Amino acid sequence: MTQTIGLIFLAVFAVLMIVIGVVSSGKSKTLDGFLLGGRNIGAWMSAFAYGTSYFSAVLFIGYAGKNGWDIGFASMWIGVGNALLGCLLAWKLLAGRVRRMTHRLKTRTMPEFFEARFNSTAMKLVAAAIIFVFLVPYAASVYKGLGVFFGAMFPSSDSLISGVSGETLCMFIVALLTGIYLILGGYVAVAITDFVQGLIMIVGVIVLAIAVTVHPDVGGFSNAVASIKAATDEAGNSLNLTSIFGGKNWSFLLSNIILTSIGTFGLPQMVHKFYAVKN
């Protein structure tokens, strides 16, 4: 039953992505239109595009799964830091300045901006190389997260193609869909898709929280808190998962807040959103 529902939603999502690409194709006939949406992306589209680029499989699988168990309730401070530093502060400090400078210099990408701003072709090439090299493992980690999720829903024995795991097949489908709507609609298609994905994320988080809390194995919020508080390691020592500041893991928590919040100031896929905002 789970696999059937998953396939239905995946099919609906696939059709929706293609429709978005086709509808957006008329707005990407120029280079500015393709790369920046004509620098005319509104507030809500920009906000969702930034948010969904920020919070992807990393949030739902990496943070909720790994850090949530390692640090416990204190891991929510990472989300607070991401919201206040990675989102609010980044927009306050960078958005207006980046929008004005890239518009004045007529640059469409970060490497182009470095070249025009510092009159250095070498800097442009170095920036392009850095972005290319480091976005490969970044993208791979996102697809790995998708693979883990879909692999749980479609194990190898349930794959539609013999010898191909459900994880690999679903990763290929998502990559193919991404290529189709990006080629068809450019940045406008990306922004609209991000908006749709953001809505799905919001609804999904709410449904997930409710479903986990009311599950018979959890028995409600109060029982969940009691179980988490009583959690121990293999030696029988308390894991302190309800400590508000992470207990002995406070330094790991602090480094994660700084890394994931301040690091976004230099991520090209995040800064690029400032290039395209309407005003």
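The values are calculated or read from the model by the stated rules, or taken from the named source; none is laboratory data. Everything numeric here is computed off the predicted structure, so don't read it as measured data. Positions of Cβ are generated from backbone atoms using ideal geometry, with glycine treated the same way; all protein chains shown enter the neighbour counts. Accessible surface is based on the protein model in full, side chains and every heavy atom, while ligands, DNA and RNA are left aside. Shrake-Rupley method; radii C 1.70, N 1.55, O 1.52, S 1.80 Å.
Comparing Leu184, Gly68, Val80 along the charge dipole axis of the chain, the residue lying farthest to the positive side is Leu184, per the Cβ-charge model. Shown here: the stretch 2-144, whose C-alpha atoms stretch 52, 39, 30 Å along the first, second and third principal axes, sorted largest to smallest. Of the Cα atoms belonging to the chain, the radius of gyration and Dmax stand at 21.1, 63 Å.
Taking all Cα pairs closer than 8 Å and separated by 6 or more residues, the relative contact order of the chain comes to 40 percent.
Report the residue, chosen from Asn237, Asn119, Asn67, that carries the largest GNM mean-square fluctuation when the chain is represented by alpha-carbon nodes joined by springs under 10 Å. Answer for the Gaussian network model of the chain: Asn237.
Quantify, in whole percent, the carbon and sulfur part of the accessible surface of the stretch 1-148 (1.4 Å probe; protein heavy atoms only). Whole-percent figure for carbon plus sulfur exposure: 75.
Per residue of the chain, what 222 nm ellipticity follows from adding -39500 (n - 2.57) for every DSSP H run with n ≥ 4, rounded to the nearest 500? Result for the chain: -21500 deg cm²/dmol, rounded to the nearest 500. By the Kirkwood approach, averaging reciprocal distances over each pair of separate Cα atoms, the stretch 71-148 gets a hydrodynamic radius of 15.3 Å.
A P(r) calculated from all alpha carbon pairs of the stretch 139-279, with 10 Å bins opening at zero, reads 9, 20, 32, 26, 12, 1 percent. Evaluated with a Cβ-only charge set (Lys, Arg +1; Asp, Glu -1), the chain carries a dipole of roughly 1460 debye about its Cα centre, given to the nearest 20.
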